[in-house]
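The values are calculated or read from the model by the stated rules, or taken from the named source; none is laboratory data. Nothing here was measured: the structure is a model prediction, and the numbers come from that model. Every residue, glycine among them, receives a Cβ derived from its backbone with ideal geometry; neighbour counts consider all protein chains shown.
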């Protein structure tokens, strides 16, 4: 049997139409000040756009070049740095940490800390505590190397290789390993060997006076009876290798392209075998459908393996993800610490895959002429519908959704300005008509009659 070729390029084209219709309203419903989004395919950025405001007070718009604190996405850079040193024969993944950091070795021969390896730290199976013993996530005072050294007496919480235990402290140790082996600071090493090598123009491993002006304002979560507050930007010091990075969509597109397993020209950072190793699942995280590799998470979306990482920082939620088999990457960066950036990232993948796998359902057929006259947002007291065109059909979904393609109602043409509704939910108006009403001399519909219920089109 001949293998069916899936046209991801076309599916991405349609997904972009959904993104452009969905996210302007989605960020307002979720009260996200800014969201910058990028799509990468076959080693090239194919979509990039900013939504909302990088600075709400000054109404500075978000763009693909707006910088965000990308927090734990930093761990992927640290994993790449470690693999570079391994490729050069300067370390082995199963070396004990205390080989490079003698101060981490316990005087007790029976201490579990003496058995902890680089690989275990990378995979969060070392059993060490999450954030050391300093309250830096509350007081914004991240420790330096002296602070790390002071905290090691109680570092081991569980015996190594007995369970998954996420640890920023562990990745701070890895930053010190990079420093020890390379002979330069962690920040200098990744700047020279990753950031500059890829031509990432507005990416840095930690906050400095020089790059602070690049950043969007980072806003607090929504709290009842309080306005969001803007946080001060802060350096992360010894924790830069765990959570310090700042970057933007344009630069992270270059980074995801360099992690490709398909593109033969994408091995300027580490070779293909090293990439496969860091993306291999080592341990289930305990979250639904998620495992952890070496500095990278792994999950399945519509039966495709997706690797990447999310990040949470004071004022920022971010995510990058890569489908290595089909060479598709998605970047979502936001500037509030209660945003749906991670869910949006997944929702974009779901849209691409559904549009690719079920193209006969969504996009095949005779093209609707002037479909833009139907597109827009329609409102009723019960909620809003976003309507977008996919050539042969229209789709309608609520803007608050995290997955517009899964929560969509397909509108199939059936007469002039009339469509039959087709939804996978049996609680809607399946089989009934959705009819668009036009006022005289108006180029766009003014109403949408959903079964028997009228929705008013919002003015743009």
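Here's the yes/no breakdown for (1) outside any strand (DSSP E or B); (2) surrounded by 24 or more Cβ atoms within 10 Å (Cβ to Cβ); (3) in contact with a helix residue (DSSP H, G or I) (Cβ under 7 Å, 6 or more places away or on another chain):
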site	(1), (2), (3)
22	yes, yes, no
31	yes, no, no
46	no, no, yes
65	yes, no, yes
73	yes, yes, no
77	yes, yes, yes
85	yes, no, yes
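Taking the criterion of being out of contact with any helix residue (DSSP H, G or I) (no Cβ under 9 Å at 6 or more places or on another chain) and not in a loop (DSSP other than H, G, I, E, B), the residues of the stretch 238-272 that qualify are 249, 250, 253, 256, 272. Count of the stretch 288-341 residues, restricted to those that are out of contact with any strand residue (DSSP E or B) (no Cβ under 7 Å at 6 or more places or on another chain) and crowded, with 24+ Cβ neighbours inside 10 Å, is 2. Only one of the numbered conditions (1) touching a helix residue (DSSP H, G or I) at 6+ places or on another chain (Cβ under 9 Å); (2) under 21 Å from residue 77 (Cα atoms); (3) assigned to a helix (DSSP H, G or I) is not met by residue 147, and that is (2). Number of residues in the stretch 116-144 that are part of a loop (DSSP other than H, G, I, E, B) and buried (at least 17 other Cβ atoms within 10 Å of the Cβ): the value is 12.
For the stretch 99-114, name all the residues that are out of contact with any strand residue (DSSP E or B) (no Cβ under 6 Å at 6 or more places or on another chain), surrounded by 18 or more Cβ atoms within 10 Å (Cβ to Cβ) and assigned to a helix (DSSP H, G or I). Of everything in the stretch 99-114, just one residue is out of contact with any strand residue (DSSP E or B) (no Cβ under 6 Å at 6 or more places or on another chain), surrounded by 18 or more Cβ atoms within 10 Å (Cβ to Cβ) and assigned to a helix (DSSP H, G or I), namely 104.
Residues that are closer than 21 Å to residue 124 by Cβ, surrounded by fewer than 14 Cβ atoms within 10 Å (Cβ to Cβ) and in contact (Cβ under 8 Å) with a residue 40 or more places away in the chain are absent from the stretch 190-200 altogether.
Yes/no per residue for (1) touching a residue at least 60 places away in the same chain (Cβ under 8 Å); (2) closer than 23 Å to residue 375 by Cα:
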{"site": "11", "(1), (2)": "yes, yes"}
{"site": "29", "(1), (2)": "yes, yes"}
{"site": "33", "(1), (2)": "yes, no"}
{"site": "71", "(1), (2)": "yes, no"}
{"site": "79", "(1), (2)": "yes, no"}
{"site": "89", "(1), (2)": "no, no"}
{"site": "102", "(1), (2)": "no, no"}
{"site": "112", "(1), (2)": "no, no"}
{"site": "118", "(1), (2)": "no, no"}
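Here's the yes/no breakdown for (1) assigned by TED's automatic domain parsing to the domain that holds residue 415; (2) at negative phi; (3) under 10 Å from the mean Cα position of the chain (by Cα):
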site	(1), (2), (3)
306	no, yes, no
311	no, yes, yes
321	no, yes, yes
327	no, no, no
333	no, yes, yes
336	no, yes, no
341	no, yes, yes
349	no, yes, no
352	no, yes, no
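Cβ separations smaller than 6 Å between residues 6+ apart or across chains give the following pairs from the stretch 136-162 residues that are farther than 20 Å from residue 177 by Cβ to residues that are assigned to a helix (DSSP H, G or I) and at pLDDT below 95: 159/112. Within the span defined as the stretch 405-421, one or more residues are in contact (Cβ under 8 Å) with a residue 40 or more places away in the chain, under 19 Å from residue 22 (Cα atoms) and crowded, with 16+ Cβ neighbours inside 10 Å.
Identify, please: which residue in the stretch 212-233 is assigned to a loop (DSSP other than H, G, I, E, B) and within 22 Å of the chain's Cα centre (by Cα) and is, among those, surrounded by the most Cβ atoms within 10 Å (Cβ to Cβ)? Ranking the candidates gives 216 first. Exactly one residue among 369, 322 is modelled with pLDDT under 95 and either in a loop (DSSP other than H, G, I, E, B) or in contact with a helix residue (DSSP H, G or I) (Cβ under 7 Å, 6 or more places away or on another chain) (or both), and that residue is 369. Does residue 388 meet the test of being closer than 22 Å to residue 11 by Cα and modelled with pLDDT of 95 or more? It is true that residue 388 is closer than 22 Å to residue 11 by Cα and modelled with pLDDT of 95 or more. The number of residues in the stretch 201-212 being in contact with a strand residue (DSSP E or B) (Cβ under 9 Å, 6 or more places away or on another chain) and either in contact (Cβ under 8 Å) with a residue 24 or more places away in the chain or farther than 17 Å from residue 240 by Cβ (or both) comes to 7. None of 295, 286 is within 23 Å of residue 68 (Cβ to Cβ) and in a loop (DSSP other than H, G, I, E, B) except 295.
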